[in-house]
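The values are calculated or read from the model by the stated rules, or taken from the named source; none is laboratory data. All figures in this text were calculated on a predicted structure; none of them were measured in a lab. Note that we place each Cβ from the backbone using ideal geometry, even for glycine, and neighbour counts take in every protein chain shown.
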Amino acid sequence: MTDYKAASREYFDNLAPRYDAHYYGRHGRQQYQRVLEISERWKFSSVLDVGCGAGSLLGALKRPRMKLAGADISPGMIAEATKRLGRAADLRVADSEKLPWKAGSFDLVVTTDSLHHWPDPRKAFSEMKRVLKKGGHVVVADVSAPPVLRQIGNWVAKFGKEGDVAVYSLAELERMLLGAGFVDVRKEHLSFMAIVVSAVAGALPRRG
């Protein structure tokens, strides 16, 4: 059984010093503008980036007196983000399924090009919901693909060494967010191969 977390950590530790110039860094930045546009619909003074990479999106979100935080499973990526942001952000090596912040810590949680590395996205979304204030917002952007390509890609990912787990459709992502207790889910295609979804942290999900 593939240890996706270990694979992601090792791959991105090695990639970290050249991430910004790499295809993956460029691909992630293609999603940032739309994530920023969606985020600007709301007032927020605290933001967490899950899978923050080298910190570029947090840098773009930075405002005076804003509380910035970032989590990434790769120590190398956190080191690069620290070079970029210094003490302006609370940056931690952390798993998306176990975020090291107290409940209700943030107004906004964002994540870009990270979801497809998560072995248990439902658990990760529950954690994101936990650290959000009630009524806070989440914005999720990630790679996707049409159904046949998605099925092929998800099968091929099992044999890769980059920690890729799976990519999802808009409908699958919506169901996962609703199951974690988010409401008012809004979804769109960014391109042929990318999607973005936003939602509001609502009541606790019903059990059983």
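In this structure, does ALA124 turn out to be assigned to a helix (DSSP H, G or I), modelled with pLDDT of 95 or more, in contact with a Ser or Thr (Cβ under 8 Å, 6 or more places away or on another chain) and closer than 25 Å to ALA81 by Cβ?
Details: assigned to a helix (DSSP H, G or I): yes; modelled with pLDDT of 95 or more: yes; in contact with a Ser or Thr (Cβ under 8 Å, 6 or more places away or on another chain): yes; closer than 25 Å to ALA81 by Cβ: yes.
Judged against the criteria, ALA124 is a match.
Here the condition is being under 16 Å from the mean Cα position of the chain (by Cα) and part of a loop (DSSP other than H, G, I, E, B); of VAL165, VAL138, VAL200, it holds for VAL165 alone.
Taking region 60-71, which residues are within 14 Å of SER39 (Cα to Cα) and not hydrophobic (A, V, I, L, M, F, W, C)? LYS62, ARG63, listed by residue number. Within the set of pairs 6 or more residues apart or between chains, which connect a residue that is crowded, with 18+ Cβ neighbours inside 10 Å inside region 139-165 to a residue that is among the small types (Gly, Ala, Ser) and in a strand (DSSP E or B) with Cβ atoms less than 6 Å apart? That search, which allows pairs on different chains as well, returns VAL139/SER198; VAL143/ALA194.
Condition test on LYS129, is it within 22 Å of ALA201 (Cβ to Cβ), out of contact with any Pro (no Cβ under 9 Å at 6 or more places or on another chain) and among the basic types (Lys, Arg)? Spell out how you get there, then give the answer.
Values: within 22 Å of ALA201 (Cβ to Cβ): yes; out of contact with any Pro (no Cβ under 9 Å at 6 or more places or on another chain): no; among the basic types (Lys, Arg): yes.
When the stated conditions are applied, LYS129 does not pass them.
Of the strands (runs of 3 or more DSSP E) lying entirely inside region 1-105, those containing at least 3 residues that are within 16 Å of ALA124 (Cβ to Cβ) and without any contact (Cβ under 8 Å) to a residue 40 or more places away in the chain span 67-72.
Within region 53-76, is even one residue among the polar types (S, T, N, Q), at pLDDT 95 or above and over 15 Å from the mean Cα position of the chain (by Cα)? No; the residues of region 53-76 include none that is among the polar types (S, T, N, Q), at pLDDT 95 or above and over 15 Å from the mean Cα position of the chain (by Cα). Residues of region 62-84 that are among the β-branched types (Val, Ile, Thr) and within 20 Å of LEU115 (Cβ to Cβ): ILE73, ILE78.
Is it true that TYR23 is within 20 Å of GLU97 (Cβ to Cβ) and at pLDDT below 95? So TYR23 fails the test.
Scanning region 39-74 for residues that are of a type in the set (Asp, Glu) and closer than 30 Å to TYR4 by Cβ yields a count of 2.
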